[in-house]
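Below is one structure. I have some questions about it.
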Amino acid sequence: MDRTALDVLRSTTAALAPGAADNRLVPLIAAGTADPGALSALALEQQYIIASDRSAFAYLAERSAARREDACAVFLASLAGGENTAAERLEALTSACGLDSADVAAYEPTAGCQAYPSYVARLALTGAPAEAALALTANFAAWGGYCAAIAEGLRTHYGFDDEACGFFDFFGEPAPGLEAQAAAAVQAGLDGGLDTAAALRHGRLLQSYELMFWNTLAELA
């Protein structure tokens, strides 16, 4: 029997799910034991990641439209739009960490944290849009869980208010509309011969680079 998009999304997400101990930073934030300097670095690294991912998603959406992969184009354009919202909410997080515009301008990003967006940019340039859509969606499941845990930890242990936690709330809360768009993009890909093995490979690398991001920051915690 042919697999549906939901079948493929669930199996790919399960295959890529990280182990409980793989991310060394999020448990520290959730427990309130992470050094505030790690939180500041997280916010500062995201300044670069959001800008890069926004451009990458927008370019992937353009490529999808040019290839008449309309469902992928809709999904990826939504991802690009989401990065605009994330950028707006990041300002409050940066302020809550005690950082100002001079701190943002002076910060030098680290290779370990920027490997993830660099690979997303590679996917934007060379990846098949449907493969990228599947890989990204599977990766986002772990990212969303991490963000939800961080938001709770920041409120409970660091005294951050709702505005300061808005960045993590945005990614940590369910997004049924986006999930439906992802399923439509993957289904269209399956109908057109989506290479699920290639998508899984992309997803494995994305997940590895994301853990590199977290564990690079954990060195500061």
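Considering ARG54, ARG67, ARG24, which residue is open to solvent by 10 Å² or more (accessible area, probe 1.4 Å), more than 13 Å from the chain's Cα centre (by Cα) and over 16 Å from LEU220 (Cβ atoms)?
Values: ARG54 fails: more than 13 Å from the chain's Cα centre (by Cα); ARG24 fails: over 16 Å from LEU220 (Cβ atoms).
Unique residue meeting the criteria: ARG67.
Report yes if LEU211 is under 18 Å from ALA38 (Cα atoms) and within 16 Å of the chain's Cα centre (by Cα), otherwise no. Please lay out each step first, then the result.
Values: under 18 Å from ALA38 (Cα atoms): yes; within 16 Å of the chain's Cα centre (by Cα): yes.
Taking the combined requirement at face value, the residue satisfies it.
For the range 104-148, enumerate the residues that are of a type in the set (Gly, Ala, Ser), open to solvent by 30 Å² or more (accessible area, probe 1.4 Å) and within 15 Å of the chain's Cα centre (by Cα).
SER118, ALA121, ALA141, GLY145, ALA148
Looking only at helices (runs of 4 or more DSSP H) that lie completely in the range 1-109, which have at least 2 residues being more than 22 Å from ALA133 (Cβ to Cβ) and touching a residue at least 24 places away in the same chain (Cβ under 8 Å)? Give the steps one after another, and end with the answer.
On the way: elements: 5-16, 26-31, 36-66, 70-96, 101-106.
Fully inside the range 1-109 and qualifying: 26-31, 36-66, 70-96, 101-106.
May I ask you to verify whether LEU123 is farther than 21 Å from ASN215 by Cα, at pLDDT 95 or above and in contact with a His (Cβ under 9 Å, 6 or more places away or on another chain)?
yes
Considering only the range 192-221, how many residues are at pLDDT 95 or above, within 19 Å of ALA73 (Cα to Cα) and either surrounded by fewer than 17 Cβ atoms within 10 Å (Cβ to Cβ) or aromatic (Phe, Trp, Tyr) (or both)?
Final tally of qualifying residues: 1.
Then there is this: Which one is nearest to the chain's Cα centre (by Cα) among residues in the range 160-191 that are within 23 Å of THR94 (Cα to Cα), in contact (Cβ under 8 Å) with a residue 60 or more places away in the chain and open to solvent by 50 Å² or more (accessible area, probe 1.4 Å)?
PHE170
Looking at the range 120-210, what helices (runs of 4 or more DSSP H) fall wholly within it and have at least 1 residues that are out of contact with any helix residue (DSSP H, G or I) (no Cβ under 9 Å at 6 or more places or on another chain)?
Values: elements: 129-157, 166-172, 176-191.
Fully inside the range 120-210 and qualifying: 129-157, 176-191.
From the set of residues in the range 150-159 that are in contact (Cβ under 8 Å) with a residue 60 or more places away in the chain and open to solvent by 30 Å² or more (accessible area, probe 1.4 Å), which is nearest to ALA66 (Cα to Cα)?
Taking the range 150-159 and keeping what is in contact (Cβ under 8 Å) with a residue 60 or more places away in the chain, we get 150, 152-154, 156-158.
In the following step, the residues that additionally are open to solvent by 30 Å² or more (accessible area, probe 1.4 Å) were identified as 152, 156-158.
On the way: GLU152: 41, THR156: 47, HIS157: 48, TYR158: 47 Å.
Per the stated criteria, the residue is GLU152.
Which count do you get for residues in the range 81-100 that are over 14 Å from PHE170 (Cα atoms) and surrounded by 17 or more Cβ atoms within 10 Å (Cβ to Cβ)? Full working, then the answer.
Pass one, the range 81-100, residues over 14 Å from PHE170 (Cα atoms): 94-100.
Restricting the remaining residues to those that are surrounded by 17 or more Cβ atoms within 10 Å (Cβ to Cβ) gives 94, 96-97, 99.
Qualifying residue count for the region: 4.
Within the range 55-62, is there a residue that is out of contact with any His (no Cβ under 7 Å at 6 or more places or on another chain), under 29 Å from ASN23 (Cα atoms) and of a type in the set (S, T, N, Q)?
Yes, some residue in the range 55-62 is out of contact with any His (no Cβ under 7 Å at 6 or more places or on another chain), under 29 Å from ASN23 (Cα atoms) and of a type in the set (S, T, N, Q).
The values are calculated or read from the model by the stated rules, or taken from the named source; none is laboratory data. Please read these numbers as outputs of a predicted model, since none were measured by experiment. Positions of Cβ are generated from backbone atoms using ideal geometry, with glycine treated the same way; all protein chains shown enter the neighbour counts. What goes into the accessible areas is simple: the full protein's heavy atoms, side chains included, and nothing from ligands, DNA or RNA. Shrake-Rupley method; radii C 1.70, N 1.55, O 1.52, S 1.80 Å.
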